[in-house]
Structures are given as structure tokens and as C-alpha cells.
Amino acid sequence: MPTTLLSLPLTSTCAEGQRVCRLFYDWTGNADLADWADVLIGKPLAILALVLLGLLIRWVLQRIVDRIARRAEHGVLPERSDSPATARRRQRAKTMAGVLNSIITVVLLAVIGTMILDQLGVNIAPIIASAGIIGLALGFGAQSLVKDFLAGIFIFLEDQYGVGDVVDVGEASGTVEVVTLRMTRLRDLDGTVWYVPNGEILRVGNKSQNWARAVVDVGVGYGADLVRVQRVLREIAHDLWEDEDYRDVIIEEPEVTGVETMSPDGITVRVLVKTAPLQQWAVARALRQRIKSRFDHEGIEVPFTQRVIWQRDDSGGAEAEATTDPG
């Protein structure tokens, strides 16, 4: 019987799970004191426990992300720490670690914040329902924004391009200055800055990944000895390959592929040079300068425009005269 009498005020005073309230009620037998103890001690302790739990989970998850990022930095095969590939991989791993850590922080803030509101006596059912409705509305109303973010995530994951790369994304091309989850900022040769939403990028041409190739087309006249021309081009390209200034720039010995086209004005011979990323233009300029100097020395002429001019006389007849027009 005494147990039943004590259990009645205990059940009516302290709700299920209010251990501090029950403890103080057992000590004092005072319902008001038990309620105040739960408000002043129980709820702050519960909130503190939730905050500490959130910080612990965040710390553990971020340590896991950082370990994965460090493994991604080193890669599978050993490479020099100062190589471009290592620097690029390190930058990509750092960016992805930052994105994942931000996502972890936002999710934990939302979950722990909702649990804290529940501890404060706030009815979280409308909040959860409102969050679902807001999420659905954002899904329909901000489809382009969601599309940009998803595209940005895949750009990072697939390493399509990074800061410093020269890319062509369709309407704009240039050097990548900033890459975020929402947009990519490019600067072209004229200095114009382009802001391109990631969701609008349908295809990307990256001119900076792994290696590049300088393509130099050399035109000669039909009267030139093609065997001699190709021999001279191979000597010029080989000298450039052995030049100390280009030893770390040119990856493989240049190749003279031979006759590429035959146009009305002359014959085009192509030279291919495999270079380090972003070095193809400088190598092509240096190669053209050496070709010009060597051709002048060898007496090899480049082609000039040739036209056939028809002259009509007063008698109505037509006479064709083949002439050469250097213009």
C-alpha cells in the first residue's frame, strides 16, 4: 500500500525518462523541487550530453575523412613529392576533405539541434514536417542550384579539372581560377573573367592534364625536296629535344609525321612534340623560330599564295594567263 501511494505522485510529477526528477523526488518527496531540479539540472545535462556526443561523432568522422584524404594524397604508386601530379592530387584530396567535413558538420548540426529542441520541450513533429515540405519545395524551385551542386561534386570526384588548368567548357575557355560546388571561374587570354555554373557544363576539354602536345604545321612549296625538308625538321626538333632549357619540358623526342596536306598554295609537313602540361605553346613558338632561321640558312622557301587570273579582251574571247600573285 505505501508503495502504491508513493508511485502515484511520482508518476504524475516526473515523466518517463526524467531521471533527475525521479532522483530528487525520491530524496526529498517534494514534487516542486523535483520539477525545478529537472529544469535546472536535468535538461542542461541532457543538452550538454547531446553537444558532447555531436562533437565526438564529428571528431571521429573527420578523422576518418582526413585519413582517407592522406591516402589519396600519396596515391598508389610512389612519386616525387614536388611533381605536378602529386601537387594536383594533394589539392584535390584537400578540397574533397573540406567538402565532406562541411557536409558532416551541417548534418550533425541539424540532427543535434533538433534533439536539443526536443529536450527543451519543443514539439519537433511540425519542424520535421516543415523540413520535409521545405526540402520538397527547394527540390522543385531550386533545381538548377541542386544540379550545380551535384555537378560540382562529380567534378571533384572525377578530377575533371582543377585550379590552374586551361579548359574549354563550350561558351568560355581559359585558365581555371576558382572551382566551387556551384560554379567555376575562368579567365581567358583577354583577361575576361567567366563565371560558369557547374550544371551548365555539358563537356570539358582539359588542356593541362598529364601531358600536352605541340602541333606545328610547316608549309613548303611544291618545288621543295620533301626528303630534305623532313630531314632538316628532324634535326631541328632533335636539337630542341637535347636543349638543356627544354629537357624538363619536352617529354618525348619530337616526331615528324610527314606530309599532312597538299593545298593549292603548297605542301604542309607536320611536327609533333609531346610536352609537359601548359608548355605546348611555348615549345611551339620556340620550334617555329628555329625552323624559320634554319630554313633561311638552307634556302628552303615557304609557299606563297598563287592565283590564276583570267583576262577578257574586247572581241569577246577569253584568254587565260597563269600568273603568280604574291599577295
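Does the range 136-152 contain at least one residue that is of a type in the set (Gly, Ala, Ser), under 30 Å from ALA69 (Cα atoms) and touching a Leu at 6+ places or on another chain (Cβ under 7 Å)?
yes
When you scan the range 95-108, do you find a residue that is outside any helix (DSSP H, G or I), over 30 Å from TRP211 (Cβ atoms) and in contact (Cβ under 8 Å) with a residue 24 or more places away in the chain, even just one?
No, the range 95-108 has no match at all.
Quick grid of which residues meet (1) of a type in the set (Asp, Glu); (2) surrounded by 15 or more Cβ atoms within 10 Å (Cβ to Cβ); (3) over 25 Å from the mean Cα position of the chain (by Cα):
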{"site": "LEU100", "(1), (2), (3)": "no, yes, no"}
{"site": "VAL122", "(1), (2), (3)": "no, no, yes"}
{"site": "ILE127", "(1), (2), (3)": "no, no, yes"}
{"site": "SER130", "(1), (2), (3)": "no, no, yes"}
{"site": "ILE133", "(1), (2), (3)": "no, no, yes"}
{"site": "LEU136", "(1), (2), (3)": "no, no, yes"}
{"site": "VAL146", "(1), (2), (3)": "no, no, no"}
{"site": "TYR161", "(1), (2), (3)": "no, yes, no"}
{"site": "VAL167", "(1), (2), (3)": "no, yes, no"}
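Out of the residues in the range 195-252 that are assigned to a strand (DSSP E or B) and of a type in the set (Val, Ile, Thr), which is nearest to the chain's Cα centre (by Cα)?
Looking at the filtered set, the residue picked out is VAL196.
Check PRO277 against each of (1) free of Cβ contacts under 8 Å to residues at least 60 places away in the same chain; (2) surrounded by 15 or more Cβ atoms within 10 Å (Cβ to Cβ) and name the one condition it does not meet.
(1)
Do we find a residue being of a type in the set (A, V, I, L, M) and within 30 Å of GLN160 (Cβ to Cβ) anywhere in the range 226-246?
No, because not a single residue in the range 226-246 is of a type in the set (A, V, I, L, M) and within 30 Å of GLN160 (Cβ to Cβ).
It is to be established whether one or more residues within the range 133-149 are part of a loop (DSSP other than H, G, I, E, B), closer than 25 Å to LEU181 by Cβ and either of a type in the set (S, T, N, Q) or at pLDDT 85 or above (or both).
No, the range 133-149 has no match at all.
Which of the numbered conditions does ILE112 fail, given that it passes all the others? Conditions: (1) buried (at least 17 other Cβ atoms within 10 Å of the Cβ); (2) in the same structural domain as LEU52 (by TED's automatic domain parsing); (3) over 27 Å from LEU48 (Cα atoms); (4) not hydroxyl-bearing (Ser, Thr, Tyr).
Answer for ILE112: the failing condition is (3).
Given the condition part of a helix (DSSP H, G or I) and closer than 25 Å to ARG89 by Cα, answer yes or no: does some residue in the range 165-176 qualify?
no
What number of residues in the range 184-223 are over 30 Å from VAL256 (Cα atoms), buried (at least 16 other Cβ atoms within 10 Å of the Cβ) and among the hydroxyl-bearing types (Ser, Thr, Tyr)?
1
Just to be sure, is LEU233 outside the structural domain of ARG285 (by TED's automatic domain parsing) and not polar (S, T, N, Q)?
no
Looking for whichever is out of contact with any Leu (no Cβ under 6 Å at 6 or more places or on another chain) and modelled with pLDDT under 90 here; the options are ASP239, ASP245. Which one fits?
When all the criteria are applied, what remains is ASP245.
Looking at (1) in contact with a strand residue (DSSP E or B) (Cβ under 6 Å, 6 or more places away or on another chain); (2) farther than 30 Å from VAL146 by Cβ; (3) touching a residue at least 24 places away in the same chain (Cβ under 8 Å); (4) loosely packed, with under 15 Cβ neighbours inside 10 Å, which is the only condition GLU252 fails?
GLU252 satisfies every listed condition except (3).
Is it the case that the range 283-301 has a residue that's among the β-branched types (Val, Ile, Thr), surrounded by 14 or more Cβ atoms within 10 Å (Cβ to Cβ), modelled with pLDDT under 90 and in contact with a strand residue (DSSP E or B) (Cβ under 6 Å, 6 or more places away or on another chain)?
no
The values are calculated or read from the model by the stated rules, or taken from the named source; none is laboratory data. The model shown is predicted, which means the values in this text are computed figures rather than measured ones. Quick reminder, even Gly has a Cβ in these numbers, built from the backbone with ideal geometry, and neighbours come from all protein chains shown.
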